[in-house]
Amino acid sequence: MSGLFKCLLCAGLWMASLFAFAQERVSVDRLLSTYRLGAGDVVSIRVLGEDDLKREKIRLSDAGTISFPIIGEIRVLGKRVVELETLIADGLRGKYLLNPVVSVTIEEYRPIFVNGQVEKSGAYPFQPGLTIRKAVSLAGGFKERASKEKIFVIREDDKTQTPVKVDQSALVNPGDIITVEESFF
């Protein structure tokens, strides 16, 4: 191979990996902008310049409320991060601060659940960009009798709890239940 060809090949591979990273980053950004807080999530709250108002690693309970100084109980279940930031800033504005800048960080997402024909069924930590393939890997991989085509997900936000057939590249959301069926051939 000529030096020019090797250089072009390397550039092409670099561009492909950059494109893949950009696509994953877009899906992560989309998740974070639409993500709704739920029981089991762990958040940290900071107010710029106000260390006494900092709250770290608060696990959201089933009740979906947190206690915050000056404001009191805040219902956070189902709220997006930006909505919680606004709610806290509005609660502090005027009573305690003129123009509060609030930052909410998700420290830990609620788990996903993987069961069926995987080596180790159970709850696993969610990570942005997680796919079915990666979730199955967390669960130790497919068992010998697993069907790689019969994979179902019950989305946490689906009130009917209807299993939906997905492929291995489908994105997983926090709280999802993934079931890998058995293959009969």
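Derivation of every value follows stated rules applied to the coordinates shown; laboratory data play no part. All values reported here derive from a predicted model rather than from experimental measurement. Cβ sites come from the backbone with ideal geometry, for glycine too, and all protein chains shown count toward neighbours.
Under a Cβ-Cβ cut-off of 11 Å, what is the net charge of the residues other than Phe113 that fall near it, where Lys and Arg count +1 and Asp and Glu count -1? After counting each charged neighbour, the total is -1.
Antiparallel beta bridges, as assigned by DSSP with both residues in the stretch 112-182, represent about 75 percent of the total such bridges.
In loop segments of the stretch 38-127 as defined by DSSP, the GluC sites (Glu not before Pro) with at most 15 further C-beta atoms inside 10 Å of their C-beta are Glu50, Glu119. The distance from the alpha carbon centre of the stretch 84-157 to that of the stretch 165-185 is 15 Å, rounded to a whole number. Overall shape: oblate for the stretch 107-182, with the ratio a/c of the largest to smallest alpha carbon gyration tensor axis at 1.5 or above and b/c at least equal to a/b. Note on the stretch 74-185: with charges restricted to the Cβ of Lys and Arg (+1) and Asp and Glu (-1), its dipole about the Cα centre is near 120 debye.
The calculated FRET efficiency for Glu50 paired with Arg145, based on their beta-carbon distance and R0 = 41 Å, is about 0.15.
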